[in-house]
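Some notes on the structure that comes next.
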Amino acid sequence: GTDEEIIRRVDKVDYLRSKGVNPARCRRAKVVGDSMEPLLFSGDTILWEENVDPHIGCNRIVDGSIYVLAVDGALRIKKLAHIKNGIRIISINPAYPPEDYFGDEADGIRLFGRVIEQAILSNKLVLF
């Protein structure tokens, strides 16, 4: 790449490290669907830090943060919150009701990582 692109990448790596994020574990994904509107739109790109172990019990969940996760093998981007004896999966779009999981159901959720950045279609970055 150009010198400017290289400097931007180095600045990004330094920024991620300053926030406690391991750049080597960062992954990008494209948003599909409208369940997270008006925050995330279909076609947006997110940056997330991959967890070492995707089992939900191995990861600290920050209520209200957005995560890349899988339920029954279906990959999703959702807000998470603790509830008594379980986990609540939350879509921002009110057309999609929250989903509650308890016990073995909750243990079956795979938590791949927390979303740390969103690149919307206008190329503006939003940091979480």
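Looking only at the range 104-117, which residues are open to solvent by less than 60 Å² (accessible area, probe 1.4 Å), touching a strand residue (DSSP E or B) at 6+ places or on another chain (Cβ under 7 Å) and more than 22 Å from residue 41 (Cβ to Cβ)?
Within the range 104-117, 106, 109, 111 meet the criteria.
Report every pair of residues separated by at least 6 positions or lying on different chains whose Cβ atoms are under 6 Å apart, first residue within the range 97-112 and closer than 9 Å to residue 87 by Cα, second open to solvent by 90 Å² or more (accessible area, probe 1.4 Å) and at pLDDT below 95.
Hits for this filter: 102/85.
Report yes if residue 113 is outside any helix (DSSP H, G or I), of a type outside the set (Ser, Thr, Tyr) and modelled with pLDDT under 85, otherwise no.
No, not satisfied.
Would you confirm whether or not the range 31-43 contains a residue that is over 26 Å from residue 107 (Cα atoms) and open to solvent by less than 30 Å² (accessible area, probe 1.4 Å)?
Checked against the condition, which is being over 26 Å from residue 107 (Cα atoms) and open to solvent by less than 30 Å² (accessible area, probe 1.4 Å), the range 31-43 yields at least one hit.
Yes or no: residue 32 β-branched (Val, Ile, Thr) and within 20 Å of residue 93 (Cα to Cα)?
On the way: β-branched (Val, Ile, Thr): yes; within 20 Å of residue 93 (Cα to Cα): yes.
So residue 32 passes the test.
Return the residues of the range 58-74 that are part of a strand (DSSP E or B) and free of Cβ contacts under 8 Å to residues at least 24 places away in the same chain; say none if nothing qualifies.
The answer is 74, and nothing else.
Taking only the range 48-101 into account, find how many residues are polar (S, T, N, Q), modelled with pLDDT of 90 or more and crowded, with 17+ Cβ neighbours inside 10 Å.
1
The values are calculated or read from the model by the stated rules, or taken from the named source; none is laboratory data. The model shown is predicted, which means the values in this text are computed figures rather than measured ones. Cβ atoms come from the backbone with ideal geometry, glycine included; neighbour counts cover every protein chain shown. Only protein heavy atoms, including side chains, enter the accessible area calculation; ligands, DNA and RNA are left aside. Shrake-Rupley method; radii C 1.70, N 1.55, O 1.52, S 1.80 Å.
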